[in-house]
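Here the structure is laid out as structure tokens; the discussion comes afterwards.
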Amino acid sequence: MNRAHIPGFPNPIPKVDWLNYLPKFKDREGDDVAFHLVKFHIHISRLKVQLHEDCLMKMFMATLEEKART
């Protein structure tokens with residue numbers, strides 16, 4: 001998943017299977033944004049890899065769906 005060619009994405013994502021069990025957020029009624037962020041960080045910490053901040057930000061964007069994505 002090396003996306004270093006995309007502007008604003010200077011660091012490649014380490015080759016780990018980070019998409020499995022990635023928590024998704026759709027911003028429906030009753031959804032808690034803060035809890036979603038906590039679940040995301042728990043998921044990333046379980047990967048046991050050091051990630052650059054820009055990688056984390058792009059990975060977090062991949063968790064947003066539907067209304068939350070816009």
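None of the figures in this text is laboratory data; all of them are computed from the coordinates on show. Computed from a predicted model, the values in this text were never measured in an experiment. We place every Cβ from the backbone using ideal geometry, glycine too, and count neighbours over all the protein chains shown.
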Query - Per-residue HN-Hα couplings for the stretch 51-60 [Karplus 6.51, -1.76, 1.60; θ = phi - 60°; Hz; x = Gly/Pro] - result: 10, 6, 4, 5, 5, 4, 5, 5, 5, 5
Requested in this report: Just order 44-53, 27-36, 58-67 by mean Cβ neighbour count inside 10 Å, highest at the front, would you?
Outcome: 58-67, 44-53, 27-36
